[in-house]
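Notes follow once the structure below has been shown.
Please treat every number below as a calculation from the coordinates, not as lab data. All figures in this text were calculated on a predicted structure; none of them were measured in a lab. All Cβ positions, glycine included, derive from the backbone under ideal geometry; neighbour counts span all protein chains shown.
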Amino acid sequence: MSTTIYRHEFLSRLTSVIIWSVAVLAIVVLFFSLFPGFSAQTEVINQMWAKFPPALRAAFNMDKLDITSVLGFYGFLLMFVQLCLAIQAGNYGFGLVSIEENEMTADFLLTKPVSRSQVLISKLLAALSSMFLTTLVAWAGTLIAIALYIGGRTYDRSTLLLLMVSLPIFQLFFLSVGLAVSLIVKRVRSVTPYSLALGFGTYVLAAFSGVLGEVKLELITPFKHFDPAYIVQHGALDTPLVLLNVAVTLIALAVSYWLYIRRDIPAVS
Amino acid sequence: MSVIEVSNLTKYYGKSRGIVDVSFDVKEGEIFGFIGPNGAGKSTTIRLLLSLIHPTSGSAKVFGKDVVTHGTEIRRDIGYLPSEVFYYEGMKVIDLLKYSASFFPADSTQRMRELSDLMELEMNRRISDLSYGNKKKVGIVQGLLHSPKLLFLDEPTSGLDPLMQRKFFDLIRKENARGVTVFFSSHILGEVQRLCNRVGIIREGKIVEISDIRSLQQNNYKKLRVTGEGLKAADFKLAGVTNVQSDNGTTSFFFKGDINAVLKKLSGMKLDDVSIEEPSLEEIFMHYYE
């Protein structure tokens, strides 16, 4: 690894990390501040939800989650946190090498005495640090929000821990798949459309998988691999799906490495 | 000793041609000119030598090491100035230069200062605020600051004003005098002629000629211009004469062959004036492209 590249890469993402962290923190804390209202009027809330069409309830996991409980509510808001983290991780993954190639600074970097694998590993570690910094903020936000707003209600601590720990594995999927795709397609000209498509696409697939019932869409979307509703209901991860998720991540990383070592850096044209 | 040895190097981008079967050597301490029109494969060759791209077939060695397997080591002693310079837009010049220097073990603060003073580069401006010519200066400083043993210059003078070009050439000559080998790619023949010892001419991905600049000029063609009353283009029908142009009593043409034949011919004419010149590289070059 090259500390020089790591430092440069990390600093170049600092603003982005701060913005995403603030956004995630706001979602967790502001969302949770509504919890006392929900939990105080259990009956009314449940009646209101019952009136919604079943498909809509399924899409938001409301058929499985009791949002008047601490973990049910947290599981519900975690979907939105996941969406943010997915887009952020996708941004970093798709942009990891493509931004440098688009802005033509790849020539500068790769004519220095560093090997391709040093470049890729340093960049990856920098992106991981940036990404997990946001995760740390999300975790901190969770603990703060729970301390502030649950008002003496109890919850299962180990399930909360599982929900929190699932986040980084979930993010890693988007980072590595984004990176692999950016190296497989000829050229990524702009990162955001790709990361939005991957993030929202897999999110919508997960939502539809709930609506359509027994369709096997959950096999491909990380939003199902780490479905907060499943974790809250079972107090455990869906092991086969999590293993599938980790396998895809590892394959994507291996493919990316293989492709990047052999890559022809495009010239100005 | 050869600093660069290229043998049968071929690069295809999918189906489109980069370079085909290119072979040449660059000796230690020489300034090797690499000339050809746009799209001939000059940049492809340089990018292969820097292992930015990988060869389809053939091989290349720099400092006696294979560029594919030993790229990292090789690049320790290489400086590269690309034809189009692009740097991290948000950075300041000084930070970019420091970032560049941090890849090399030696402390190059002193040299960075000298080079940027020489090139009149303002260190505290942002890259995004720089004009094209000023970015080029950043490129020159960052390509030289680690005192490389081999310099790749890919059309280096575009965007530099004539004064800066001269300073730049002086700088390159000074580096060369210290023993630095220079690989200089250009399509501007004047500057190649001024600077280089040897040239390789590349056309449509293939090397068409590798030669000493001097012998390229001497052994090939003479440019003759004769003035005299009543001279016609037809008077110079002779083996080895080409490019005959007649204008207002003055006839000029290229001649290749035994110079005595032409002198014998001229001695039988009544002339007002005659000149025999070396053709410029430009004129020789055009010949390769006809």
Surrounding charge for B:L271, neighbours by C-beta under 15 angstrom, Lys/Arg +1, Asp/Glu -1, total +1
If I take the Cα coordinates of the range A:60-125 and project them onto the principal axes, what are the three extents in Å, biggest first? 58, 20, 13
Connecting every pair of Cα atoms under 10 Å apart in chain A and solving the GNM, the largest mean-square fluctuation among A:T68, A:T142, A:T154 falls on A:T154
Residue with peak Gaussian network fluctuation, chain A [Cα springs, cutoff 10 Å], from A:R57, A:R157, A:R116: A:R157
Residue separation times 0.36 nm, minus the C-alpha to C-alpha distance between A:L219 and A:L250: what's the value? 9.5 nm
Which residue fluctuates the most in chain A, going by a Gaussian network model with Cα springs under 10 Å, if the choices are A:V177, A:V165, A:V191? A:V165
On a 19 Å Cα-Cα criterion, which of the cross-link pairs B:K223/B:K265; B:K98/B:K135; B:K65/B:K149; B:K149/B:K174; B:K237/B:K270; B:K42/B:K256 come out too long? B:K42/B:K256
What aspartates and glutamates could a cross-link reach from A:K64, if we take a straight Cα to Cα line under 20 Å and drop same-chain neighbours fewer than 8 places away? A:E43, A:D156, A:E214, A:E218, A:D227, A:D238
Obtain the nm distance between the two label points defined at B:L266 and B:R194 by a simple spin-label model: each point lies 7 Å from its Cα along the Cα-to-C-beta direction. 3.0 nm
From the C-alpha coordinates alone, can you work out the Kirkwood hydrodynamic radius of the range A:10-101, in Å? 15.3 Å
Please compute the average number of Cβ atoms from other chains found within 10 Å of each residue's Cβ in peptide B:100-113. 2
0 to 90° range, to nearest 10: angle between helix A:70-102 axis and chain A longest Cα axis: 10 degrees
Based solely on its DSSP helices, what 222 nm [θ] is calculated for chain A when runs of n ≥ 4 H residues each add -39,500 (n - 2.57) and the sum is averaged over all residues, nearest 500 deg cm²/dmol? -25500 deg cm²/dmol
0 to 90° range, to nearest 10: angle between helix A:116-149 axis and chain A longest Cα axis: 20 degrees
Give, in nm to one decimal, the length gained when the segment between A:S115 and A:T239 is fully stretched (0.36 nm per residue of separation minus the Cα-Cα distance). 40.9 nm
Treating the Cα atoms of the range B:22-126 as identical point scatterers in vacuum, please give the log10 of the normalised Debye intensity I(q)/I(0) at q = 0.25 Å⁻¹, two decimals. -1.39
Under DSSP loop assignment and at most 15 Cβ neighbours within 10 Å, longest GluC sites (Glu not before Pro)-free interval of chain A: A:104-213
Taking chain B on its own, what percent of its Cα-Cα pair distances exceed 36 Å? 29 percent
Among the trypsin sites (Lys or Arg not before Pro) within the range B:146-254, which fall in a DSSP loop and have no more than 14 other Cβ atoms within 10 Å of their own Cβ? B:R178, B:K232, B:K237
Would you tell me the mean number of C-beta atoms belonging to other protein chains that fall within 10 Å of each C-beta in A:113-119, as a whole number? 4
Quick one: what do you get for the range A:3-261 if you divide its Cα Rg by 2.2 N^0.38 Å? 1.08
Using the 2.2 N^0.38 Å rule of thumb for compact globular proteins, work out how the protein assembly as shown stacks up: its C-alpha Rg over that value, please. 1.37
Under the 0.36 nm per residue contour assumption, what length would be gained going from the current alpha-carbon distance of A:V165 and A:A40 to full extension? 42.1 nm
Within the range A:100-116, list the residues whose amide N lies under 18 Å from a label point set 7 Å along Cα→Cβ of B:L171. A:108
